[in-house]
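*Asks:* The structure is given below, and queries will be raised subsequently.
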Amino acid sequence: MKILFLDQSGKPGGAELCLIDIAKPYGDRALVGLFADGSFKSLLQQHQIPVEVLATQPIQVYKSSSFLKGLGSLKQLIPLIIKVVKKAREYDLIYANTQKALVIGALASFFARRPLVYHLHDILSKEHFSQTNRRLAVTLANRFASLVIANSQASQTAFIQAGGHRDLTAVVYNGFEPKVYQTCEFEVRRLQHKLRLEGKFVVGHFSRIAPWKGQHILIDALAQCPPQVTAILVGDALFGEQDYVQQLHQQVAALELETRVKFLGFRSDIPQLMATCDLVAHTSTAAEPFGRVIVEAMLCGKPVVATKAGGAMELVEPGINGFLVKPGEPQELAQIINLCLHQTENITIMAKNAKYIATQRFDVTNINQQITQLLASKFNIAALNHS
Ligand code: UDP
């Protein structure tokens, strides 16, 4: 089976990193069509995944855009739609990985007469999307998609609550290659030395910088912790949140935390950086669709604290494999940091537990098999293999 994957982003967010794992086994029988150029394209090339940038200019519609704004962009979309329709005829299936990809993919599915799969990596709630965008997503998915793969029960529930058809949906979590998250002691020491983290209690935050990812909550919590507690903020403002970056720097200065907060920008050595941490904090203030970093921290054998909303609640069982705190509550987060600082033995046992559970639950081979089986059953293909 030949698959045309579509993704709107030129930059690698969680949905894009997940797509790499799904598309990779298909080799030359896959093509990833992007609607923007950028570092995600290079990443796909590094993984030997065929990729082509199909749009000549970025699509000017955003999660909060109104109906009129969407309509206004239609003219700009026509050349892209024509290109995708043409490409789609060379493939058996269109696999839309983002919301704009769903819009283009739905039209291409209609004109090229190819089935459409929508991989839903978002929570279609009012915190994340305008009403127009929510309506558009469920209407197109209901009308054109044969299958909607939700990345968590939280994403599935929000889709159904927004009017999506339940019988179209299946939940498949993101997959991970456990061995990628093993780091040798030498590398950990090297990084600790380079980042001047020796002797510190390091809390890591791994996420693009955006207000709803809640980096400011961790900074506030840090001010309530002893001086040896240090934070590394790993990630960049991928979608133009420069004002928030400024605010974070101002907050750090106002709290006199300059020596205790390190902004590391976007990094591709996440497992190594996580290995230097004593605790990984996930602080999203709105429901997280899945929360890759939570699983990644577990696979690194690190204790993790996440906010109690959305997909994170399906990943963390409090006291068993991590901690859950109320979103937007720095005080509660500070309490967990202080607990981890003092109860190291219990916390280490919990982190080992988490690593074991995550390795079983999220192994990329099993997850890819789930997707393969779903495609096989939906499209009535007896032997759908990756070879
Ligand atoms: N990530 C990365 N480099 C960074 C920051 C984050 O590669 O500097 C990765 C992180 O390891 C995770 C993904 O980006 O795999 C973020 O996924 P998540 O589901 O946590 O959030 P999303 O970006 O989808 O909202």
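*Asks:* I'd like the residue in segment 264-286 that is among the small types (Gly, Ala, Ser) and touching a helix residue (DSSP H, G or I) at 6+ places or on another chain (Cβ under 6 Å) and, out of all such residues, is surrounded by the fewest Cβ atoms within 10 Å (Cβ to Cβ).
*Replies:* So in segment 264-286, the residues among the small types (Gly, Ala, Ser) come out as 265, 268, 275, 281, 284, 286.
If we keep only those that are touching a helix residue (DSSP H, G or I) at 6+ places or on another chain (Cβ under 6 Å) too, we end up with 275, 281, 284, 286.
Values: 275: 21, 281: 30, 284: 23, 286: 19.
Looking at the filtered set, the residue picked out is 286.
*Asks:* Out of all the residues in segment 313-356, which are of a type in the set (D, E, K, R) and modelled with pLDDT under 95? Break it down into steps so the answer makes sense when it comes.
*Replies:* Initially, segment 313-356 is screened for residues of a type in the set (D, E, K, R), giving 314, 317, 326, 329, 332, 345, 352, 355.
Within segment 313-356, just 345 meets the criteria.
*Asks:* Here's another thing I want to ask about it. What is the residue count in segment 114-137 for residues that are assigned to a strand (DSSP E or B) and touching a Ser or Thr at 6+ places or on another chain (Cβ under 7 Å)?
*Replies:* Here is the first cut: in segment 114-137, the residues assigned to a strand (DSSP E or B) are 116-120.
Filter once more, so that each one left must be touching a Ser or Thr at 6+ places or on another chain (Cβ under 7 Å): 116-117, 120.
Here the count works out to 3.
*Asks:* Exactly one of (1) buried (at least 18 other Cβ atoms within 10 Å of the Cβ); (2) out of contact with any Gly (no Cβ under 9 Å at 6 or more places or on another chain); (3) modelled with pLDDT of 95 or more is unmet by residue 195. Its number?
*Replies:* Going through (1) buried (at least 18 other Cβ atoms within 10 Å of the Cβ); (2) out of contact with any Gly (no Cβ under 9 Å at 6 or more places or on another chain); (3) modelled with pLDDT of 95 or more one by one, residue 195 breaks only (1).
*Asks:* Identify the single condition in (1) farther than 18 Å from residue 77 by Cα; (2) buried (at least 22 other Cβ atoms within 10 Å of the Cβ) that residue 5 does not satisfy, given that it satisfies every other one.
*Replies:* (1)
*Asks:* Still on this structure, I have one more. Are any residues in segment 141-155 farther than 21 Å from residue 16 by Cα and either crowded, with 19+ Cβ neighbours inside 10 Å or within 22 Å of the chain's Cα centre (by Cα) (or both), and if so, which ones? Give the derivation first.
*Replies:* As a first pass, look at segment 141-155 and keep what is farther than 21 Å from residue 16 by Cα: 142-144, 146.
Across segment 141-155, the qualifying residue is only 144.
*Asks:* Could I ask something else about it? Got at least one residue in segment 218-227 being buried (at least 20 other Cβ atoms within 10 Å of the Cβ) and within 20 Å of the chain's Cα centre (by Cα)?
*Replies:* Scanning segment 218-227 turns up at least one residue that is buried (at least 20 other Cβ atoms within 10 Å of the Cβ) and within 20 Å of the chain's Cα centre (by Cα).
*Asks:* Output the residues belonging to segment 5-36 that are within 16 Å of the ligand (Cβ to nearest atom) and over 17 Å from the mean Cα position of the chain (by Cα).
*Replies:* 24, 36
*Asks:* Oh, and also: Please go through segment 138-184 and pick out each residue that is among the small types (Gly, Ala, Ser) and either in a strand (DSSP E or B) or touching a strand residue (DSSP E or B) at 6+ places or on another chain (Cβ under 8 Å) (or both).
*Replies:* Here is the first cut: in segment 138-184, the residues among the small types (Gly, Ala, Ser) are 141, 145-146, 150, 152, 154-155, 158, 162-164, 170, 175.
Residues satisfying the conditions are 141, 145, 146, 150, 152, 154, 155, 164, 170, 175.
*Asks:* Would you mind listing the helices (runs of 4 or more DSSP H) fully within segment 205-311 where at least 3 residues are touching a residue at least 60 places away in the same chain (Cβ under 8 Å), more than 14 Å from the ligand (Cβ to nearest atom) and of a type in the set (A, V, I, L, M, F, W, C)? Quick ask: steps written out before the conclusion?
*Replies:* Details: elements: 215-222, 242-254, 270-275, 292-299.
Qualifying helices (runs of 4 or more DSSP H): 215-222.
The values are calculated or read from the model by the stated rules, or taken from the named source; none is laboratory data. Just so we're clear, the structure is a prediction, and the values are computed from it rather than from any experiment. Because the Cβ atoms are built from the backbone with ideal geometry, glycine has one as well, and the counts that use them run over all protein chains shown.
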